[in-house]
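The structure under discussion appears below in the form of structure tokens.
The values are calculated or read from the model by the stated rules, or taken from the named source; none is laboratory data. No experiment lies behind these values; they were computed from the predicted model shown. Don't worry about glycine lacking a Cβ; one is built from the backbone with ideal geometry, like all the others, and counts go over all protein chains shown. Accessible surface is based on the protein model in full, side chains and every heavy atom, while ligands, DNA and RNA are left aside. Shrake-Rupley method; radii C 1.70, N 1.55, O 1.52, S 1.80 Å.
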Amino acid sequence: MNKLLPAPWWSLFLLVFWLLLQNTVSFGAALMGTILAIVIPLYTHRARDYRVTLHRPLVAGQYFIILLGDIVVSNFNIAAIILRPRKSIQPALIEFPLEISGSVPITVLASTISLTPGTISAELGRDGRSLLIHALNVTDADAAIEQIKRRYERRLKEIFQC
Amino acid sequence: MNTLPQWAELLVSFFIILGASFTFIGSLGLLRLPDFMARLHAPTKATTLGVGGIIIGSMLYFSLSDTLSLHELLIAIFLFLTAPISAHLLAKAGLHLELKLTDNTRDLRKKPEQYSDKDS
């Protein structure tokens, strides 16, 4: 957090992004990427009205790996449900009480819920304290809420300290 | 472009077929699932692995036959960013239009007025 690099993680992301776009790691590409990674955050920094700090980068990495695994599992679950005969699913609309606050953490949690097994986030409550989830096939709604809390929300709370 | 050894060809074909199968199952889900909200689950989930499999196949093919190629990863990044958001917007629209859900959907909302347009 200094003057030249107001958002260090974002700058790193932009540099990696540029190298991926170029599809090579050469001196020229790295130099151009570094210039862009410094100039773009400086130019757009004032437009960001929310401030997010990654307090635990290691937990964030762990979170990402867990998420990737769960996406693969959820794909197989949904494929199994689709290929089974219809009318055997038990959909439900569940209210998920949020413990975290702030627009970025809630967005990350809502996206996670949409990407993981059998659930889609449909709406944020007006007071911002709860998420409405549509679950494709649940028998025990409380257990599903408990699992999301334990698996994702706890880690997000640790990462963003909110 | 030189030819690939046989094990590499098998690996690449495996990932492409995996991706294609999941994309197909995702599209099939649109047809088979009972209501709007349930249908949303199929394209957001099954297709992430579908596209993922094809991307891995493409990365393997170009990395093994030519030089290291990772820019397919950008497709995955954009997909992970956009798929949940478009699903969320569609679900939101469906909710506010109060589309009919299948009969065995349980509504476990304690405060339904929190999620509706109507002023109470």
| query | Given the residues B:11, B:40, which is the only one that is of a type outside the set (Gly, Ala, Ser) and more than 10 Å from every other protein chain (Cβ to nearest Cβ)? | reply | B:11
| remark: When every residue in the range B:27-37 that is facing chain A (nearest Cβ under 7 Å) and in a helix (DSSP H, G or I) is compared, the one nearest to residue A:71 (Cα to Cα) is B:29
| field | Count of residues meeting criterion [in contact with a Cys (Cβ under 9 Å, 6 or more places away or on another chain) and over 18 Å from residue B:80 (Cβ atoms)] in the range A:100-139 | value | 3
| request: With respect to residue A:99, determine if the residue is surrounded by 17 or more Cβ atoms within 10 Å (Cβ to Cβ) and among the acidic types (Asp, Glu). | output: no
| field | Residue list for the range B:71-103, filter: among the basic types (Lys, Arg) and in contact (Cβ under 8 Å) with a residue 60 or more places away in the chain | value | B:100
| task | Select from the range A:38-80 the residues that are among the aromatic types (Phe, Trp, Tyr) and surrounded by fewer than 16 Cβ atoms within 10 Å (Cβ to Cβ) and list them in ascending order. | result | A:43, A:50, A:64, A:76
| Given (1) farther than 20 Å from residue B:78 by Cα; (2) within 10 Å of chain B (Cβ to nearest Cβ); (3) assigned to a helix (DSSP H, G or I); (4) open to solvent by less than 10 Å² (accessible area, probe 1.4 Å), index of the condition residue A:142 fails | (4)
| note | Of those in the range A:118-138 that are over 18 Å from residue A:104 (Cβ atoms) and among the aliphatic types (A, V, I, L, M), the residue surrounded by the fewest Cβ atoms within 10 Å (Cβ to Cβ) is A:138
| query | So residue A:35 clears everything in (1) open to solvent by less than 80 Å² (accessible area, probe 1.4 Å); (2) modelled with pLDDT of 85 or more; (3) farther than 21 Å from residue B:77 by Cβ; (4) aliphatic (A, V, I, L, M) except one condition, right? Which one? | reply | (1)
| request: Kindly establish whether residue B:83 is touching a strand residue (DSSP E or B) at 6+ places or on another chain (Cβ under 6 Å) and surrounded by 14 or more Cβ atoms within 10 Å (Cβ to Cβ). | output: no
| Residue tally, condition in a helix (DSSP H, G or I), at the interface with chain A (Cβ under 9 Å from one of its Cβ atoms) and not aliphatic (A, V, I, L, M), over the range B:63-84 | 2
| request: Could you tell me whether residue A:45 is modelled with pLDDT under 80 and assigned to a helix (DSSP H, G or I)? | output: yes
| task | Would you check if there is a residue in the range B:14-31 being over 25 Å from residue A:22 (Cβ atoms), of a type in the set (A, V, I, L, M) and buried (at least 20 other Cβ atoms within 10 Å of the Cβ)? | result | yes
| task | Would you mind stating whether residue A:95 is more than 9 Å from chain B (Cβ to nearest Cβ) and among the charged types (D, E, K, R)? | result | no
| remark: residue B:53 meets each of (1) open to solvent by 30 Å² or more (accessible area, probe 1.4 Å); (2) touching a Phe, Trp or Tyr at 6+ places or on another chain (Cβ under 9 Å); (3) at the interface with another protein chain (Cβ under 10 Å from one of its Cβ atoms) with one exception, condition (1)
| request: Answer yes or no: is there a residue in the range A:56-73 that is of a type in the set (D, E, K, R), part of a loop (DSSP other than H, G, I, E, B), away from chain B (no Cβ under 14 Å) and over 17 Å from residue B:42 (Cβ atoms). | output: yes
